[in-house]
1. HN-Hα J couplings of region 134-145 from phi, Karplus 6.51/-1.76/1.60, θ = phi - 60°, integer Hz, Gly and Pro as x?
2. Just to be sure I understand: with springs between alpha-carbon atoms less than 10 Å apart, which residue in Phe191, Phe161, Phe68 has the highest mean-square fluctuation in the Gaussian network model of the chain?
3. I need the semi-axes of the equivalent ellipsoid of region 60-196: take the C-alpha gyration tensor, multiply each eigenvalue by 5, square-root it, list largest first in whole angstrom.
4. Would you mind giving the three semi-axes, in whole Å and largest first, of the ellipsoid equivalent to region 13-260 according to its Cα gyration tensor?
5. Rounding to the nearest 20 debye, state how big the charge dipole of region 13-260 is about its Cα centre with +1 on each Lys and Arg Cβ and -1 on each Asp and Glu Cβ.
6. Would you mind working out the accessible area per residue for region 13-260, using a 1.4 Å probe, and quoting it in Å²?
7. Taking the Cα atoms only, what angle lies between the long axis of helix 65-84 and the longest principal axis of the chain, rounded to 10 degrees?
8. Using helices alone, I'd like the mean residue ellipticity at 222 nm for the chain: each DSSP H run of four-plus residues gives -39500 (n - 2.57), total over residue count, nearest 500.
Amino acid sequence: MRELCAAALPANAWNWIAVWRRNYLAWKKVALASILGNLADPMIYLFGLGFGLGVIVGRVDGTSYVAFLAGGMVATSAMTSATFETIYAAFARMHAQRTWEAILYTQLTLGDIVLGELAWAATKAFLAGTGITIVAAVLGYAAWPSILYALPVIALTGLAFASLAMVITALAPSYDYFVFYQTLVLTPMLFLCGAVFPITQLPDVFQQAARFLPLAHAIELIRPAMLGRPADSMGLHIGALCIYAVLPFFLSAALFRRRLMP
């Protein structure tokens with residue numbers, strides 16, 4: 001039992017880099033298509049809702065609606081990019097392609113693989129979120145100097161959502177089950193956490209529920225950074241995202257141990 005527990009955790013602080021590098025080398029061949037695919041959806045939301053509803057809505061929280069929406073779309077793109085990389089690509093490597101099984105014949109442990117997959121998903125989330133941040137800054141909807149403060153938060157947001165999605169990956173018998181996570185968790189979170197309109201517009205019960213959701217904490221950090229404003233309760237939001245990144249990692253490692261090492 002003690003050996004099984006050790007196998008489900010990272011063997012050291014650097015083995016995960018081999019998994020990250022393997023995924024990077026495979027992704028590099030389709031990098032352009034992947035980047036465009038990750039940017040397209042949030043950019044359509046940003047410009048479609050921003051310019052369409054922006055004329056009707058006017059200014060929100062003292063800024064234009066497009067600038068308000070940009071922070072929400074950056075956080076949302078990090079959420080979706082990390083989640084989709086984990087529930088589809090990582091699941092394929094674990095289930096259909098059996099890449100994880102091949103890696104386990106090396107000195108790497110299951111914990112090394114899970115940690116490497118999380119780091120890779122967070123990297124793709126960082127690329128997607130940073131791309132939208134740069135576009136928003138070029139168009140004048142974000143403050144150039146202060147967007148540097150948003151970049152570490154984008155990476156942490158990607159890590160948190162990849163860690164959550166890894167639990168779903170460990171539990172799902174097939175691809176068909178991922179649609180429940182998308183429609184019942186991610187989509188409601190988009191509308192509850194202030195991505196497209198202020199949380200204060202919601203009834204009190206939903207405002208209280210949003211305080212526990214990771215996307216709300218990410219938006220509370222990213223939006224002020226992009227607008228050049230100070231963020232409130234910064235330690236609380238960073239701590240919440242760290243908890244969402246760490247606890248699901250250990251849970252998913254235990255679930256994968258039960259699934260792959262019965």
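The values are calculated or read from the model by the stated rules, or taken from the named source; none is laboratory data. Source: prediction; values computed, not measured. Positions of Cβ are backbone-derived with ideal geometry, glycine not excepted, and every protein chain shown enters the neighbour counts. Quick note on the areas: whole protein, heavy atoms, side chains included, nothing else; ligands and nucleic acids left out. Shrake-Rupley method; radii C 1.70, N 1.55, O 1.52, S 1.80 Å.
1. Once rounded to whole Hz, the list reads 5, 4, 4, 5, 4, 7, x, 9, 8, 7, 4, x.
2. The residue with the greatest mean-square fluctuation here is Phe191.
3. Working: eigenvalues 203, 60, 19 Å².
So the three semi-axes of region 60-196 are 32, 17, 10 Å.
4. Working: eigenvalues 204, 70, 53 Å².
Here the semi-axes work out to 32, 19, 16 Å.
5. Numbers: 14 positive and 10 negative charges, 111 e Å.
Computed charge dipole of region 13-260: roughly 540 debye.
6. Working: 11540 Å² over 248 residues.
Heavy-atom accessible area per residue stands at 47 Å².
7. The answer is roughly 10 degrees.
8. On the way: 13 runs with 187 residues, N = 262.
The per-residue figure over the chain is -23000 deg cm²/dmol.
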